[in-house]
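Structure first, then comments.
Just so it is clear, none of the values below were taken in a lab; they were calculated from the coordinates. These numbers come from a predicted model, not from an experiment. All Cβ positions, even for glycine, are placed from backbone atoms using ideal geometry, and neighbour counts span all protein chains on display.
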Amino acid sequence: MKKLLVVVFVLALVTMTWAGWNHAETVFEFSGVDSGLVGGTGSISGEWFESYSPHGVVVDGNGRIWVAIHFGNGPDQNGSPEFVGYNHNDGIADDTCHFVPLYCFNPDGSHASFSPITIFTLPGGAMDTLYSESKDNGSGKGISLDNDGNILYSAWSSVYRFDYQTGACLGKWTPSAMGSITEAVQDAVTGLIYVGKVSGGNPIYLLDEDLTFIANAVEANNQINRTIAVITNEDGTHLYTGSTWNGTGVHHWFSEDAEFNQFEKVDTLGNLDELVTPDSTYTNVNLWVESLDLTPDGKLLVGALRRLWAGPLCLWYIIDPVTGEYVEEIGTEGPDPANDHNLQAPPFAGAVNGPRGGFFTDANTLYTVDFYMNTLDKWTWAADAIDNDVVVLDKFALKQNYPNPFNPTTTIPFSIKNDGLVKLIVYDMLGHEVVTLVDKKMNSGSYKFDFDASGYATGMYVYRLAIDGNQMAKKMLYIK
């Protein structure tokens with residue numbers, strides 16, 4: 001089914017595009033058809049890596065995709081003295097160790113010549129290894145590009161810099177008080193590097209370009225956090241952190257001189273007084289933030305935590321850091337089993353449940369990874385096919401159908417602010433009209449219309465709402 005949907009969608013891109021961010025393809029399904037790239041007999045010289053749950057993505061200057069992986073269970077180095085491990089739970093040494101590699105994929109999906117990165121030489125000649133029982137590394141916690149295009153990789157409690165051309169390690173920093181850290185990011189203007197602890201009550205560290213500790217940028221961030229974004233402009237440096245548990249939005253910190261003055265918290269972004277969905281109205285909604293990345297025009301790409309824990313805001317969002325306004329919504333809510341890691345390949349393309357990192361190669365191309373879907377996805381922007389959703393939100397609102405996926409009926413809700421001629425049409429992914437659900441003059445208000453796909457082929461469909469020349473469209477999936 002997955003392969004069919006990808007082919008159909010690619011064809012659709014040739015014939016029809018929709019305003020906003022469209023799901024172009026699932027590049028990798030790490031628990032599905034692409035599991036052999038990160039595990040499985042014969043995948044890497046016959047070894048078993050069994051890596052899963054991606055936790056960050058970047059694309060380097062050669063177009064290669066680097067992926068941080070949170071979990072890894074192989075190969076077994078049982079009894080090998082140079083791999084004596086450390087149990088993070090009880091602090092007792094163990095003689096069974098398992099790699100948690102850093103991966104780099106060529107544009108064609110194959111491994112780079114140096115991937116996966118497991119054992120390498122540090123500057124100065126000492127050897128280091130990425131493995132799950134290490135006291136200071138292992139589990140991938142985030143990834144970013146530095147100002148030279150090299151890789152900043154957070155592994156458990158250490159920040160590494162890897163040469164994006166060769167995969168060679170260029171540096172390492174580990175705080176004296178070890179523990180799970182956030183992604184590390186470098187300020188594009190000042191060159192300063194920021195990294196924090198995941199657990200609350202800990203500092204956000206400030207490093208120089210050579211990964212040397214300078215000072216605590218924040219003495220104590222009291223929110224559980226996995227992510228950091230930084231913007232420096234004429235007034236100073238703005239630091240943004242997430243709030244994984246319990247969610248309290250994007251936290252905004254500011255310093256006039258980041259190298260010499262600690263940051264003070266200014267406000268929070270993303271929280272809503274009210275959120276109206278097709279099935280409920282929520283009040284005092286907080287955003288649970290798993291990942292933060294910068295868009296090419298200086299906005300925040302925010303990945304919101306799964307609905308199972310966090311409530312109705314559980315997709316990718318673009319938020320203006322100046323106004324705090326939601327600019328875009330990306331993706332479709334995916335399935336959410338109670339068992340965190342019991343999910344195999346996602347049932348439909350573009351499913352979102354555990355955003356853990358995004359990267360823009362340009363203004364029109366975005367790569368994201370999803371922790372619980374175990375996917376790496378590519379999204380593309382179409383600006384001119386239909387008027388941008390943001391432009392028409394004051395005139396009408398088209399909501400996501402529910403249920404989605406559906407079999408065989410689903411409900412499409414929308415609202416219109418003013419009286420007008422309304423058309424609601426369903427298309428297949430080749431742009432052919434399937435059925436017109438509404439074509440009449442309607443009064444302002446909220447409406448729901450059902451679509452019955454009985455007799456139609458399974459797959460992705462698009463529904464488009466038009467009122468007095470303004471249009472908006474969304475996708476829905478019919479499965480049996």
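Listed by Cβ neighbour count within 10 Å, with the fewest neighbours leading, F359, F99 appear as F359, F99.
Provide the convex hull volume over Cα atoms per residue for region 20-382, in Å³. Walk me through the numbers on the way to the answer.
On the way: hull volume 49.9 nm³, N = 363.
Given the Cα convex hull of region 20-382, per-residue volume reads 138 Å³.
By the beta-carbon count within 10 Å of each Cβ, the least crowded to most crowded order of D370, D257, D419, fewest first, is D257, D419, D370. Take the Cα of L437, step 7 Å toward its Cβ, do the same at S454, and the gap between the two points is 1.7 nm. Taking only the alpha carbons of region 85-237, we obtain Rg and Dmax values of 15.8, 53 Å in that order.
Sorted on the mean count of surrounding Cβ atoms within 10 Å across their residues, most packed first, peptides 191-204, 162-175, 208-221 read 191-204, 162-175, 208-221. Comparing region 421-480 with the 2.2 N^0.38 Å rule of thumb, its C-alpha radius of gyration ratio is 1.16 (two decimals).
Taking region 151-169 and a reference point 7 angstrom along Cα→Cβ of S113, the backbone N atoms nearer than 11 Å belong to 166-167.
Label-to-label distance, S444 versus L275, with points set 7 angstrom from Cα along the beta-carbon direction: 2.6 nm.
Could you sort the peptides 283-296, 108-121 by per-residue average Cβ neighbour count (10 Å cutoff), highest mean leading?
Details: 283-296: 21.0, 108-121: 15.1.
Averaged packing, sorted descending, gives the order 283-296, 108-121.
In plain terms, the residue of V422, V302 with the fewest other Cβ atoms within 10 Å comes first and the most crowded comes last, giving V422, V302.
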